[in-house]
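The values are calculated or read from the model by the stated rules, or taken from the named source; none is laboratory data. Treat the numbers as computed from the prediction; the structure is a model and nothing was measured. A quick note on method: Cβ atoms are made from the backbone with ideal geometry, for glycine too, and the neighbour counts reach across all protein chains shown. What goes into the accessible areas is simple: the full protein's heavy atoms, side chains included, and nothing from ligands, DNA or RNA. Shrake-Rupley method; radii C 1.70, N 1.55, O 1.52, S 1.80 Å.
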Amino acid sequence: MEFMREKVVVFTGAGVSAESGLRTFRDMGGYWREYAIESVASPEGWKANPQAVLEFYNERRKAVLQASPNAAHLAIAALEARFDVVVITQNIDDLHERAGSTNVMHVHGEILKARSSVDPFLIYPLATAVIEMGQLCEHGSQLRPDVVWFGEVLPEDEWNASVRVAESADVFLSVGTSAVVYPAASLPMMAKRRGAFLVEVNPEPTALTEYADEFLQGPAGVILPQMVELVRGVRAIHPA
Ligand code: OAD
């Protein structure tokens with residue numbers, strides 16, 4: 001007899017890739033401690049100095065290409081053996097895919113893709129580690145990274161799909177995000193309102209923690225492999 005598999009939606013932020021050596025945004029050493037958001041991650045910044053914006057993302061792309069999935073990414077992929085899993089990530093890296101997750105939604109875009117700076121629907125996989133000034137789309141417009149900037153709306157179809165996925169979760173697992181950037185940060189509460197059990201994994205309490213049914217405090221690379229062991233029935237999350 002076939003049993004219905006529970007649906008686990010894993011919502012990730014920069015913290016899940018921190019143990020792969022990729023910088024977060026708001027922690028000590030985070031990008032937004034060094035760069036002004038509006039200068040490198042907004043349409044205004046792009047208009048004022050596209051070269052500087054391309055350089056910022058070229059450096060980040062190089063870091064992503066050099067990084068490898070960590071124990072947290074691998075544990076999330078391993079959950080697929082037991083659950084119906086969808087990953088909704090705010091991250092623009094491809095570490096979930098490289099770890100083996102088969103159903104990954106990128107609500108803030110993907111750094112390994114480029115798109116026309118005029119038509120957001122003209123998206124291209126990148127064959128090179130960098131986008132340079134003068135690299136054009138098929139209609140002659142400058143290419144930019146296929147990432148969402150502050151002040152831009154999320155691509156409508158992808159966003160609507162991620163809301164549907166969040167609202168269908170039995171368990172909603174929020175990992176390594178400060179949960180302060182909207183609309184993405186509204187997904188955990190949308191899931192909870194529809195009855196999902198809300199679990200948060202983070203070394204620090206966040207805006208979400210008071211609403212979590214379970215707050216597992218610690219690095220994702222430690223907590224998530226323990227969680228996978230637990231669901232395999234091997235040992236407890238907090239061994240004595
Ligand atoms: P933040 O930098 O805001 O938050 C990172 C979170 O990861 C913090 O809550 C940390 O405590 C946590 N963290 C750090 N190390 C961790 C570890 N080893 N394991 C688990 N958690 C850890 O990053 P995001 O929440 O991803 O958007 O930021 C959301 C959005 O803001 C990003 O997608 C980006 C940014 O501006 C855009 O660029 C549009």
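Here are some notes:
- Filtering the stretch 121-140 to residues that are in a loop (DSSP other than H, G, I, E, B) and open to solvent by 50 Å² or more (accessible area, probe 1.4 Å) leaves Phe121, Ala127, Thr128, Glu132, Met133, Gly134, Gln135, Glu138, His139.
- A count restricted to the stretch 85-106 and to residues that are within 13 Å of the ligand (Cβ to nearest atom), polar (S, T, N, Q) and open to solvent by less than 20 Å² (accessible area, probe 1.4 Å) stands at 2.
- Val175 vs. criteria surrounded by fewer than 22 Cβ atoms within 10 Å (Cβ to Cβ) and β-branched (Val, Ile, Thr): no
- Screening the stretch 1-66 for helices (runs of 4 or more DSSP H) wholly inside it with 2 or more residues that are farther than 27 Å from Gln217 by Cα and of a type in the set (Phe, Trp, Tyr) returns the ranges 50-66.
- In the set (1) more than 9 Å from the ligand (Cβ to nearest atom); (2) open to solvent by less than 30 Å² (accessible area, probe 1.4 Å); (3) assigned by TED's automatic domain parsing to the domain that holds Thr177, the condition left unmet by Met4 is number (2).
- The stretch 40-54, subset farther than 16 Å from Ile111 by Cβ and of a type in the set (Gly, Ala, Ser), residue nearest to the chain's Cα centre (by Cα): Ser42
- Flag for Val153 being at pLDDT below 95 and under 24 Å from Glu38 (Cβ atoms): yes
- Neighbours by Cβ (under 6 Å, 6+ apart or cross-chain): first from the stretch 192-213, under 14 Å from Ala166 (Cβ atoms); second within 10 Å of the ligand (Cβ to nearest atom) and open to solvent by 70 Å² or more (accessible area, probe 1.4 Å): none
- Matching option when the condition is open to solvent by less than 30 Å² (accessible area, probe 1.4 Å), modelled with pLDDT of 95 or more and under 27 Å from Pro203 (Cβ atoms), among Ala71, Ala77: Ala77
- If you check Glu44, Glu19 for being open to solvent by 50 Å² or more (accessible area, probe 1.4 Å), modelled with pLDDT of 95 or more and touching an Asp or Glu at 6+ places or on another chain (Cβ under 7 Å), only one passes: Glu44.
- Cβ-Cβ contacts under 9 Å between residues 6 or more apart (or on different chains), taken from a first residue in the stretch 14-30 that is of a type in the set (Ser, Thr, Tyr) to a second residue that is open to solvent by 50 Å² or more (accessible area, probe 1.4 Å) and more than 9 Å from the ligand (Cβ to nearest atom), are listed as Ser20/Ser68.
Rundown of residues vs (1) closer than 28 Å to Gly134 by Cα; (2) of a type in the set (Gly, Ala, Ser), yes/no style:
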{"residue": "Gly29", "(1), (2)": "no, yes"}
{"residue": "Glu38", "(1), (2)": "yes, no"}
{"residue": "Pro43", "(1), (2)": "yes, no"}
{"residue": "Lys47", "(1), (2)": "yes, no"}
{"residue": "Pro50", "(1), (2)": "yes, no"}
{"residue": "Asn70", "(1), (2)": "no, no"}
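- The lone criterion from (1) touching a helix residue (DSSP H, G or I) at 6+ places or on another chain (Cβ under 7 Å); (2) buried (at least 18 other Cβ atoms within 10 Å of the Cβ); (3) closer than 25 Å to Leu154 by Cβ left unmet by Arg26 is number (2).
- Screening Arg115 on (1) away from the ligand (no atom under 14 Å from the Cβ); (2) open to solvent by less than 70 Å² (accessible area, probe 1.4 Å); (3) touching a helix residue (DSSP H, G or I) at 6+ places or on another chain (Cβ under 8 Å) shows it passes everything except condition (3).
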